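What follows is a short report on a single structure.
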Amino acid sequence: MEGTAVDADVIIVGAGPTGLMLAGELRLGGASVIVTERLTEPTGQSRGLGFTARAMEVFDQRGLLPRFGQGETLETSPLGHFGGVQFDYTVLPGAHFGARGIPQNITEGVLEDWARELGADIRRGWDFLDLSEGFLDGDGVEITVSTPDGVQQLRASYLVGCDGGQSSVRKAAGIGFPGSAATRAMFLADVTGCSLRPRFLGERQPNGMVMAAPLAPGVDRIIVCPDGAPARGRDAQPVTFAEVADAWEHITGEDIRGGGAEWVSYFTDAARLATDYRRGRVLLVGDAAHIHLPAGGQGLSTGVQDAANLGWKLAAVVAGGAPEDLLDTYHGERHPVGERLLMNTSAQGTVFLGGAESDPLRALFAELIAYDDVKRHLAGIVSGLDIAYDLGEGGHPLAGRRMPQRSLVTADGEETTTTRLLHQGRAVLLDLADSPALRAAAAGRSHQLDITTATVKPVDGDDPLNGTAALLIRPDGHVAWGGDSAEELDRALSRWFGAAH
């Protein structure tokens with residue numbers, strides 16, 4: 001494609017929460033973006049009902065929380081579960097079971113509005129058909145799409161598949177998707193007029209497990225997991241409310257056929273992980289890269305974090321002059337997160353969905369969760385707060401970890417927070433020692449990062465910021481470096497952002 005004009009720096013296939021989040025991140029970084037979406041209109045379905053603690057922090061980093069309609073601080077639940085065994089997540093500082101009661105269509109609407117405001121070009125009714133050869137060693141990609149006006153070609157420097165578990169982009173790029181095939185079918189529905197007793201944590205019966213929770217007056221979300229129900233083939237007819245009602249009665253003995261459903265769907269216990277999150281100029285994000293049992297509401301949230309990790313890097317490469325091998329760190333950092341996601345959701349499924357043979361395992365889990373160390377470990381896994389990227393070197397205790405929100409007083413006396421400093425999607429050098437040498441090391445990078453000199457308000461307990469001269473915080477909120485050496489800071493800046501201009 002040398003010498004051929006591109007339609008955008010990046011084409012994203014899929015306008016779900018993951019694709020829309022990535023579009024916004026890329027625009028913040030200065031990259032031009034086209035998002036193609038097969039559907040002509042959003043589905044309007046509630047589906048995922050919230051997001052994890054870390055995904056909530058990611059939204060907060062961009063100032064998006066007030067858009068969800070509940071004010072600056074969303075309602076969160078301290079009580080969560082692992083495999084259906086309940087415990088208090090707040091035993092881990094900063095953790096909770098996530099923001100609940102936010103339907104996925106609301107999340108999609110918030111992210112689409114934000115991405116459009118930032119200048120993303122979102123094209124609905126545009127269906128990805130194929131990927132031209134040359135994406136591995138060429139200088140761009142060309143795709144074929146079906147549009148309302150006929151078949152067209154689009155060109156870009158990079159292509160990102162955010163098109164779900166059956167990703168056409170992943171298949172076109174020849175990226176493997178190994179894992180375990182589905183062994184059972186489970187149902188998901190928002191039912192009306194059924195007056196169901198809440199079963200927030202799920203209830204096991206001899207024939208399976210059910211969950212129920214009120215969504216709105218007269219509307220309940222139900223999950224129905226009948227034992228022995230075979231996985232449905234790809235060519236199977238769409239799920240009907242009658243099927244869901246039959247399965248509900250089979251497990252609970254209750255007849256809900258007099259009610260109805262706003263929508264119904266099904267899911268499985270299939271668990272697969274892409275072999276490569278990047279292949280040449282094609283990258284995968286969200287469900288296109290990983291599918292799993294939806295235990296703990298982690299799917300949407302992991303996709304959002306994938307997008308936050310990739311967005312600033314891809315924008316830095318196409319619009320900011322960063323080295324192309326920066327993109328390899330996306331796979332290096334997020335693929336292990338995907339592995340851990342499949343591990344923990346599969347483990348929860350074994351505990352949660354197993355029949356009588358899993359009773360001893362459930363009893364053992366109940367005993368183990370009585371220990372605070374176990375609670376902290378499991379809360380860290382599900383909340384996403386335990387993610388620590390391997391940066392390949394020693395250094396500050398926070399290096400590779402997410403920067404927890406801390407209150408600051410800047411050099412000019414203004415109060416702010418570490419989270420608010422990230423609203424514009426730029427890296428931040430947080431100078432806590434009023435160090436001219438450290439500020440000078442970053443002075444030539446005003447196009448890439450902001451420099452903030454501040455003091456940190458004290459907190460109770462051990463503080464990893466005690467004695468810290470400065471932190472380099474990446475746009476995704478993870479700490480890239482901490483210390484007091486201008487030479488080390490210069491190396492970290494070159495690694496993550498390329499040579500100074």
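The values are calculated or read from the model by the stated rules, or taken from the named source; none is laboratory data. As the structure is a computational prediction, the values presented were derived from the model and not from experiment. Ideal geometry is used to build each Cβ from the backbone, glycine not excepted, and the neighbour counts take in all protein chains shown.
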Assess whether F128 counts as being part of a loop (DSSP other than H, G, I, E, B), of a type in the set (F, W, Y), in the same structural domain as E367 (by TED's automatic domain parsing) and more than 30 Å from D359 (Cβ to Cβ).
no
What are the pairs with Cβ atoms under 8 angstrom where one residue, in the range 73-95, is without any contact (Cβ under 8 Å) to a residue 60 or more places away in the chain and the other, located anywhere, is among the polar types (S, T, N, Q) and assigned to a loop (DSSP other than H, G, I, E, B)? Sequence gap at least six, or different chains.
none
Is it true that some residue in the range 65-75 is touching a strand residue (DSSP E or B) at 6+ places or on another chain (Cβ under 6 Å), closer than 21 Å to P214 by Cα, assigned to a strand (DSSP E or B) and at pLDDT below 95?
no
If you go through the range 146-154 one residue at a time, do you hit one that is small (G, A, S) and on the phi < 0 side of the Ramachandran plot?
yes
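Between R278, R362, which is touching a helix residue (DSSP H, G or I) at 6+ places or on another chain (Cβ under 9 Å), closer than 27 Å to A231 by Cβ and either buried (at least 22 other Cβ atoms within 10 Å of the Cβ) or in the same structural domain as G140 (by TED's automatic domain parsing) (or both)? Break it down stepwise before answering.
Values: R278 fails: closer than 27 Å to A231 by Cβ.
Result: R362 is the single residue among R278, R362 that is touching a helix residue (DSSP H, G or I) at 6+ places or on another chain (Cβ under 9 Å), closer than 27 Å to A231 by Cβ and either buried (at least 22 other Cβ atoms within 10 Å of the Cβ) or in the same structural domain as G140 (by TED's automatic domain parsing) (or both).
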Scan the range 394-410 and tell me whether some residue there is part of a strand (DSSP E or B), touching a residue at least 40 places away in the same chain (Cβ under 8 Å) and β-branched (V, I, T).
yes
Residue count for the range 370-379, restricted to those that are part of a helix (DSSP H, G or I) and of a type in the set (G, A, S):
1
Within the range 353-369, can you find the residues that are in contact with a Phe, Trp or Tyr (Cβ under 9 Å, 6 or more places away or on another chain) and assigned to a helix (DSSP H, G or I)?
S358, R362, F365
Subset of the range 133-162 (residues that are of a type in the set (G, A, S), modelled with pLDDT of 95 or more and more than 27 Å from the chain's Cα centre (by Cα))
S146, G150
What residue, of G101, G63, G94, is within 23 Å of G119 (Cα to Cα) and not hydroxyl-bearing (S, T, Y)?
G63
Output the qualifying pairs, or none if there are none: Cβ atoms under 6 angstrom, residues six or more apart or on different chains, first residue in the range 431-459 and modelled with pLDDT under 95 and small (G, A, S), second residue surrounded by 13 or more Cβ atoms within 10 Å (Cβ to Cβ) and in a loop (DSSP other than H, G, I, E, B).
G444/A500
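Looking only at residues that are aliphatic (A, V, I, L, M) and under 22 Å from T240 (Cα atoms) in the range 165-197, which one is nearest to the chain's Cα centre (by Cα)?
Taking the range 165-197 as the starting set, the residues that turn out to be aliphatic (A, V, I, L, M) are 169, 172-173, 175, 181-182, 185-186, 188-189, 191, 196.
Of the ones still in play, those that are also under 22 Å from T240 (Cα atoms) are 182, 185-186, 188-189, 191, 196.
Values: A182: 23, A185: 24, M186: 23, L188: 21, A189: 23, V191: 27, L196: 31 Å.
Among residues in the range 165-197 that are aliphatic (A, V, I, L, M) and under 22 Å from T240 (Cα atoms), the one nearest to the chain's Cα centre (by Cα) is L188.
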What is the one condition in (1) under 28 Å from the mean Cα position of the chain (by Cα); (2) modelled with pLDDT of 95 or more; (3) hydrophobic (A, V, I, L, M, F, W, C) that V409 does not satisfy?
(1)
The range 432-446: number of residues that are part of a loop (DSSP other than H, G, I, E, B) and farther than 17 Å from G467 by Cβ
2
